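The values are calculated or read from the model by the stated rules, or taken from the named source; none is laboratory data. The structure displayed is predicted, hence computed values, not measured ones. No Cβ is skipped: glycine too gets one built from the backbone with ideal geometry, and neighbour counts run over all protein chains shown. Keep in mind that these areas ignore ligands, DNA and RNA; they rest on the heavy atoms of the full protein, side chains included. Shrake-Rupley method; radii C 1.70, N 1.55, O 1.52, S 1.80 Å.
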Amino acid sequence: MTSCGLDCRTPTPHDNPLQHRQNGVWHYLLKRILLTIPTFVGIVLLTFVVIHLAPGSPATGTVGGFGESGVSAANHDRLREHFELDAPVTKRFGRWIMRVACFDFGQSFADGQPVSKRIIERVYPTLILTFSIIVIALLIVIPVAAYAALNAGGFVDKVILGACVGLYAIPPYVFGMLLILVVGVALDWFPFSGLTSEDHAQMNGWQRLVDLINHSVLIGACILYPLVAYLVPFVRATMLAVLKEDFVRAAFARGLSRRRVIFRHVLPNTLRPLLTVMGLIVPAVLGGSVVLEVMFSWPGMGRLLYESILQRDYPVIMGMTVLSAVIVLGVTLIVDVLYALADPRVRYA
Amino acid sequence: MCSARKRMKSKLRIMHVVGVLLAVVDSGIGPVSAADHVFEPIPANRSMIDEGATLRCRLRSEPSSFNPVLMFTAIDAQFDYLLWDRPFVLDENLKWSINSAVVESFECSDDHREATLVLKSGLRWQDDTPLTAADIVFSWQRILDDQVLARKARHGTEQVSKCEAVNPQRVRFIFKEALATNQWSVDFPIVPKHIYEPLCTSDPTMQRSDASVRANRQPIGSGPYRVTEWASGERIVLSRWEGYSGPKPAFAKIIFKVIPDNNAALLAFEAGDIDEMSLAPRQFAEDTSGKQFADRGVKIRGKQWTNYYIGWNVAGSKAFLSDTRVRKALGLSVNRPLIRKRVFHGLFSESRGIFPESFTARDANESTSVFDIAGAAKLLDDAGWKVSDDDGWRYRDGGKEKAGFVLNLVAGSQTSPRVADILRADLRKLGVEMTTQTLEWSVFNERNLAHQFDAYLSAWTCGPDPDEARNLFHSNAVENGRNYVGYLNPEVDALFDRGVRETDPAKRAQIYHKIEQLILTDEPYTFLVEAPTLWAFGHRVRGVTLSPRGPLHAFPGVRGWWTPRIPQPIDDELRTGLPHTDAP
Amino acid sequence: MTAMNHSNSILAFDRSLAIDERSWLTRGALVTAALFVSVALFAPLLAWHQPIVCKYQGTYHFPAVADTFSRIPLVGGWIQKSKPFRFPSFDARTALDSDTFALWPPIAYGPSEMIAGANLPASGAHMLGTDDRGRDVLARLIHGTRVSVRVGVYSMLLAGLVGIIIGGAAGFYGGAVDWICSRLIEIMMCFPAFFLILVVMVWIGNGVTGVILVIGLTQWTSIARLVRAEFISARELDYVDAARSYGATGSYIAIRHLLPGALAPTLVVLTFGVADAILLEAGLSWLGLGVGSEMATWGGMLRDAYDQIRTHPGLMVAPCVAIFLSVLCCHIMGERLRRSLDPRNSYGRSVA
């Protein structure tokens, strides 16, 4: 869920730092940090209440298999007792808070492992993939968008924009399936299942890295393309707007070289709105895509959350909620702070 | 000479291919396949076996636990016989049998109240501690301990009222009652006492403390394999335990790869990433008919004791479904031939009863399913549900109560919405309005347990003993089992209670035949189709046995699989159906 | 679920791509959108299992026409199909003999009719072939348009309503209300939407209504933020002060003065939102939680086709193209709207 302001009037997610310039940037930062606390509490509380009130329970989510012949009221009662389902929601929330206060997120209902361990195993791949994809996306987006903006209206510009719209309108799972069939099966260039080869443990560091990259290329491409398709027109439009600004005209008028104007004046001012957008995109990408992770048998966070929800694995769901809230709020905070620091009106106040 | 033999073999195989085609048409049952080599049992001459080979299996999702006392899902059960040894096992016909690698002797008293088990000497756990009668007694205590969530293992074991170690080799079981099912009751898993007893003092649940969790995930088992790697969400690796005293299994390593999506799994199979997978009906009928698949493996179809059915809420608030005539009419409007053809690609057979043939004295020609819309209309008319002149739907005695129901489906199933579409169209013709509601598994179960539904579509796999059906049909099971539809028939109850005490197999079969007839008459469930096992195996796999629960969930299961040592060269001319082995 | 929700088009065209009234791009988008909407409105006249007009037992009947209009909200209740045709058991195909007069829709099949053989290739009778259940693909595509347009439009109306109320309250009252509403928006942005989907699906049932509610209730945050910002900036403007000095009440100012200014940019966001709603519906269907199987939807068609991608890859094309075109249309129209409403839309040629 992102919202990004091509429109300069769209405010940053939080209060405009300009309002605080009298009190200085530190005051703003402090206020900004304190504001995340109620949001964090709200997210956690709301998620807790909703998952516990949602229909279905861990006791019914795990019925099935050959154990079905053992379905009995006695068994069901024991399960409810085991998962502490009979206590009222308030009491359960109290217990959970007490445990979390000691950094104990409890045990997964699904396999008994500590929640923190279970989540950490899945966080690494997702985290690494997300950040490498964002870096790659930026490396693609900025030059392409800059080229398009500087040649606005030209044939190449139109082709780039057309391609972006086209890519954006393709659902990722259709693209993913095509990738598997063409690149994975027919051409056999990359593996399309899992994150590591079975002999991963015996490899040396370099081979391991290559192995991980090999396994992440296809799913990475599926996450990358909508991002690029979305960002290129955005950056292009921002840059076009900047190019029209008076200070750029003035820079040209002063006879500065085209290269110098673009790198010293245009690009930095283009990147600032991009920063805001990235702050909103990072969490969306980090959440992972259930559909893609299932399709590529990729052990990421999206699949873990989906499976946990289906099994009503409350401790894991809550652990993931806390983690994602921390990441989302953290990233927004960092972006806001960077934005404030980058804004000369705030910096020199 | 060798080549001539191969040539003949291949001819035989071509005939089998024809056989499969015929079988698909006439819905023949039994292990039909184009490739008998898959069933070739493990040879006595070990030099023919590649004992260093790795087997790659597909896992749909991850298991919950390796502790057999806590295991309860079908995924867990895949690991049971590999990691653990038991005195008793289910053989490929799901018959109760004695595991000769563990048991010296087993005797049951004539009055069926007492049994004695003598273990072989020299049995060991994987850490070289001796496996003794004390372990069995300890396991029995744990299973019956209320603090342990032994969901599956507890079933039946409750009938053992006393289990005592006479000496380190000898265990005596005393049963609560003299039942025909007592032999099942002694078939419970065994866990190492020396590992779990110290853990249980601080954590009697066997799964709360970190130490217990570690013991459950890296178990010290008694079977021929041990867990050597578990990469979350990706794979589980089992390696052969060379100290195993029983028959040595062929594969040195078994890698279970977690591939949740069926389409992705088939692609992985064709890429050679996995050696076996279960196939969806569509995959069996269509996706696997190309050369890509034939190059990589063969597909197998076998009988399975699984029936798809619709459960009607007999005791629910809908008067419509409480009427036996109405349920009969609904049963008559199920177009099974079309469902077979369109949904199950002709691979499934029409459901003939609730028990497999071997459990009942059913007449082989007895037909249970008829498609008769006119007959159904007449039954509904008789029951007072008449077609309205105004809108064409049926209403009860010309009143406001419309004939119709909501059919609950499980989300994610590819077949059940297709079955529902066919049924809906036929019921429309009848003036009965069926709507569907797709519920996610947990909610589906919750509604069923609370009896809050009109009808649901599900499948039932019959257990190894007909008495397990008590859980679906006995009135006790309304509140305490899976009789979600609230079916009450004192006659059926009495027959179940008689059947479980009858020890003569022939008389037992008569009783269950009677039960089956009564249930088919009352029609609390409408049985639709019988699902076969559909499986794909790589060309190198041998020694597969197909049980009525598929190839994995019976003994010896994967333990009996093997792959030949010498890769057989492929003769292009003979390619069709000829087994070939990938480079090890 | 599938895509990110964007409050701005990816088609941030400038004058160089000339999206104005006269450009072929705008015209094309408008025509396509009009086509989609009319296909949605008149689906039964294009593909239906009953004729448009026919003579049956001496009288004329208009079954497909009646079905078209009986689904319009409010008015629909007054229209009833004539007698034998509204009976569920009545099969017009067999009841009408060939020599009686009957004008059939161009595609004489309903979307859920399992009439033909399965997986037939494209032919004269079935222009896009049939799917694995023997249903006409073109008929499903046409009726899927109906669902997609409904899902897109209604869910965005819902999201717009919620967003305007919450964002408007935040922007207008400021202070504590603003604080609470802003936190609510932030919480909603981080909340795992999947639970909401499950809860709504179970409480409402998985029909079109369920999907509309789910999308509407999760996608309002960007609108709320936009409306809030608009209200805050407009609140300080002179004409609002003037209105206040007349003694106008708060709600009067909010509705008469602040809302119109916020509506225009909201409308732009909503237009883009329609595209995302269509993609979201497809994503829900992929997980088996979308509109049930009895209704044709583009997402559901795509899901069914995915299972057959190896044997009948052609089935993917129709729903893919439909989704693609509708998303494209929404973005072009949204961008056009945005530019006509944006006072600073005088982009000149770039100086470089």
Strands (runs of 3 or more DSSP E) (entirely within the stretch B:431-544) containing at least 1 residues that are among the β-branched types (Val, Ile, Thr) and within 28 Å of B:Lys402 (Cα to Cα): B:433-439, B:525-538
Check on A:Tyr306, in contact (Cβ under 8 Å) with a residue 60 or more places away in the chain, hydroxyl-bearing (Ser, Thr, Tyr), farther than 30 Å from A:Val337 by Cα and touching a helix residue (DSSP H, G or I) at 6+ places or on another chain (Cβ under 7 Å): no
Hits in the stretch B:253-264 - residues which are of a type in the set (A, V, I, L, M, F, W, C) and either open to solvent by 30 Å² or more (accessible area, probe 1.4 Å) or more than 27 Å from B:Pro219 (Cα to Cα) (or both): B:Ala264
Some residue of the stretch C:237-251 being assigned to a helix (DSSP H, G or I) and closer than 26 Å to C:Glu113 by Cα: no
Residue satisfying all of: in the stretch A:304-322; part of a helix (DSSP H, G or I) and more than 11 Å from chain C (Cβ to nearest Cβ); surrounded by the fewest Cβ atoms within 10 Å (Cβ to Cβ) among these: A:Glu307
Failed item, numbered, when B:Ile236 is tested on (1) hydrophobic (A, V, I, L, M, F, W, C); (2) in a strand (DSSP E or B); (3) away from every other protein chain (no Cβ under 14 Å): (3)
Subset of the stretch A:142-156 (residues that are facing another protein chain (nearest Cβ under 7 Å) and free of Cβ contacts under 8 Å to residues at least 24 places away in the same chain): A:Gly153
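Here's the yes/no breakdown for (1) open to solvent by less than 50 Å² (accessible area, probe 1.4 Å); (2) modelled with pLDDT under 80:
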{"site": "A:Pro233", "(1), (2)": "yes, no"}
{"site": "A:Leu240", "(1), (2)": "yes, no"}
{"site": "A:Arg249", "(1), (2)": "no, no"}
{"site": "A:Arg254", "(1), (2)": "no, no"}
{"site": "A:Phe263", "(1), (2)": "no, no"}
{"site": "A:Thr270", "(1), (2)": "yes, no"}
{"site": "A:Pro273", "(1), (2)": "yes, yes"}
{"site": "A:Val282", "(1), (2)": "yes, yes"}
{"site": "A:Leu292", "(1), (2)": "yes, no"}
Tabulated pairs, the stretch B:426-450, first more than 9 Å from chain A (Cβ to nearest Cβ), second part of a helix (DSSP H, G or I) and small (Gly, Ala, Ser), C-beta under 7 angstrom, 6+ apart or interchain: B:Leu430/B:Ala376; B:Leu430/B:Ala377; B:Thr436/B:Ala420
Restricting the stretch B:265-283 to residues that are of a type in the set (Gly, Ala, Ser) and either touching an Asp or Glu at 6+ places or on another chain (Cβ under 9 Å) or open to solvent by less than 10 Å² (accessible area, probe 1.4 Å) (or both), the residue that is nearest to B:Arg342 (Cα to Cα): B:Ala280
Condition met for B:Trp230 (in contact (Cβ under 8 Å) with a residue 12 or more places away in the chain and within 15 Å of B:Trp84 (Cβ to Cβ)): no
Near pairs, Cβ below 9 angstrom, 6+ apart or cross-chain, from the stretch A:73-92 (among the small types (Gly, Ala, Ser)) to any residue that is part of a loop (DSSP other than H, G, I, E, B) and open to solvent by less than 40 Å² (accessible area, probe 1.4 Å): A:Ala73/B:Gly481
Count of residues meeting criterion [open to solvent by 10 Å² or more (accessible area, probe 1.4 Å) and more than 11 Å from chain B (Cβ to nearest Cβ)] in the stretch C:301-321: 9
Failed criterion for C:Ser89 (all others in (1) open to solvent by 30 Å² or more (accessible area, probe 1.4 Å); (2) assigned to a helix (DSSP H, G or I) hold): (2)
Residue among B:Ser47, B:Ser61 that is under 30 Å from A:Gly112 (Cα atoms) and among the small types (Gly, Ala, Ser): B:Ser61
Every residue from the stretch C:1-28 that is within 11 Å of another protein chain (Cβ to nearest Cβ) and either over 28 Å from A:Lys244 (Cα atoms) or at pLDDT 90 or above (or both): C:Met1, C:Thr2, C:Ala3, C:Met4, C:Asn5
Every residue from the stretch C:280-300 that is within 9 Å of another protein chain (Cβ to nearest Cβ) and under 10 Å from the mean Cα position of the chain (by Cα): none
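One line per residue, one yes/no per condition, for (1) open to solvent by 10 Å² or more (accessible area, probe 1.4 Å); (2) assigned to a strand (DSSP E or B); (3) under 30 Å from B:Gly297 (Cβ atoms):
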position	(1), (2), (3)
B:Gly52	yes, no, yes
B:Phe66	no, no, yes
B:Val69	no, no, no
B:Ile75	yes, no, yes
B:Phe79	no, no, yes
B:Arg86	yes, no, no
B:Glu92	yes, no, yes
Spans of helices (runs of 4 or more DSSP H) in the stretch B:104-204 with at least 3 residues open to solvent by 20 Å² or more (accessible area, probe 1.4 Å) and within 14 Å of another protein chain (Cβ to nearest Cβ): B:154-157
Some residue of the stretch A:174-191 being away from chain C (no Cβ under 14 Å) and surrounded by 20 or more Cβ atoms within 10 Å (Cβ to Cβ): yes
Number of positions in the stretch B:561-584 that are at pLDDT 90 or above and open to solvent by 10 Å² or more (accessible area, probe 1.4 Å): 1
Qualifying helices (runs of 4 or more DSSP H) (wholly inside the stretch B:284-395; at least 3 residues being over 14 Å from B:Thr526 (Cβ atoms) and open to solvent by 50 Å² or more (accessible area, probe 1.4 Å)): B:291-296, B:336-342, B:373-382
Any chance B:Glu468 is open to solvent by 10 Å² or more (accessible area, probe 1.4 Å) and closer than 18 Å to B:Phe359 by Cβ: yes
